[in-house]
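Let me begin by presenting the structure, written as structure tokens, before commenting on it.
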Amino acid sequence: MQLSFSFIIPVYNRPNEIEELLQSFSKLKFSGDYEIVIVEDGSTDSSELVVKNYNSLLNISYYFKENSGPGDSRNFGMEKAKGNYFIILDSDCILPEQYLNEVIRNLKHNYVDCFGGPDAAHASFSNLQKAINFSMTSFITTGGIRGNKKSVNKFQPRSFNMGLSKKAFQSTGGFGRVHPGEDPDLSIRLWDLGFETAFFENAYVYHKRRISWSKFYTQVNKFGMVRPILNKWHPQTKKITYWFPTLFVLSIVFSIIISFLEIKLPLYCILGYYGLAFSLALIKTKNIVVAFQSLIAITIQFFGYGIGFLKSTFYLSILNRNPEAQFPKLFFKHK
């Protein structure tokens, strides 16, 4: 099958991000044709003028629709796209020059109807962005339980950097209304239909998360709340590893309490973990400030995710509540 690519990019009030992303498209080392579909999801700060500035350089289709969330906007974009293979990006991503060549190389070697690639921190990113990137991607944090090419479990692509064939989109109907969590939900439904997913290690993007500590906590807290919902919908995908952040939080609390009883070993183990994290962050980023901030990011990530996971598990598994009724802010309404 001859592949024709359509990039699907939802955007909400982020024209500056679209500017950076389109600039990176203009620098791609790729001689073939591809289409860029930008879906403005009810923004009040429009990206339309930015898009018009690149119309002469890139093949761009621009659509404006009412706000209905990123999943529905991606579905809208895929319905409008002309290609037969979609590459879904977040608006806060920047593409390295070789990105599309790496995607094509991987698909020729190992064709799958859905792939995911990693994210990396660009040298121009702030220390905070680099620290959060380390926390989100390191194998010693929750980045290590998402799955990868060496994982014994199937990889669940994330929609900041995700490929999906037109056939797979039409078979599944695309993304659901839950957010976050719409991407692993789609991956699981693809598996149920017999489609394969894969991790393309070299097809990475620079993920420029524009975020503060408080926003990061909110984000990972939602991730934690969504996972028990996915477990309820897809019980065959439950894994003990999803409990690790919650157990880590409880371990910290327990270690501090028993340290007052002169039982120090558990606390020393926790401190040892942080020492390892600091060393790995320092080796990776070569920046001592980022290494220290990575410890803050890891703590926020584990506490945010762990508390969200425990809260959601209590309401869904113990009280048997309906997910959408209990957590309405995690679900978008279709327009």
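The values are calculated or read from the model by the stated rules, or taken from the named source; none is laboratory data. Please read all numbers here as calculations on a predicted model, not as lab measurements. Because the Cβ atoms are built from the backbone with ideal geometry, glycine has one as well, and the counts that use them run over all protein chains shown. Only protein heavy atoms, including side chains, enter the accessible area calculation; ligands, DNA and RNA are left aside. Shrake-Rupley method; radii C 1.70, N 1.55, O 1.52, S 1.80 Å.
So here's what we get for this one:
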quantity	calculated
Residues of the stretch 56-103 that turn out to be in a loop (DSSP other than H, G, I, E, B) and on the phi < 0 side of the Ramachandran plot, as a count	18
Residue selected from the stretch 227-254 under the condition in contact with an Asp or Glu (Cβ under 9 Å, 6 or more places away or on another chain) and within 16 Å of Y315 (Cα to Cα), by the criterion surrounded by the fewest Cβ atoms within 10 Å (Cβ to Cβ)	W233
H122 open to solvent by 60 Å² or more (accessible area, probe 1.4 Å), closer than 30 Å to I298 by Cα and of a type outside the set (D, E, K, R)	yes
Contacts under 8 angstrom Cβ, first residue in the stretch 212-229 being under 11 Å from K311 (Cβ atoms), partner of a type outside the set (A, V, I, L, M) and open to solvent by 30 Å² or more (accessible area, probe 1.4 Å), 6 or more apart	G224/K311; M225/K311; P228/S317
F115, sole failed condition from (1) in a helix (DSSP H, G or I); (2) among the aromatic types (F, W, Y); (3) open to solvent by less than 10 Å² (accessible area, probe 1.4 Å)	(1)
Those residues of the stretch 162-174 which are open to solvent by less than 10 Å² (accessible area, probe 1.4 Å) and at negative phi, in sequence order	M162, G163, L164, S165, A168
Enumeration of residues in the stretch 277-288 that are loosely packed, with under 11 Cβ neighbours inside 10 Å and in a helix (DSSP H, G or I)	I283
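This table checks each residue for (1) assigned to a loop (DSSP other than H, G, I, E, B); (2) over 21 Å from R177 (Cβ atoms); (3) open to solvent by 10 Å² or more (accessible area, probe 1.4 Å); (4) touching a Lys or Arg at 6+ places or on another chain (Cβ under 7 Å).
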| position | (1), (2), (3), (4) |
| --- | --- |
| Q23 | no, yes, yes, no |
| K29 | yes, yes, yes, no |
| V39 | no, no, no, yes |
| V50 | no, yes, yes, no |
| R105 | no, yes, yes, no |
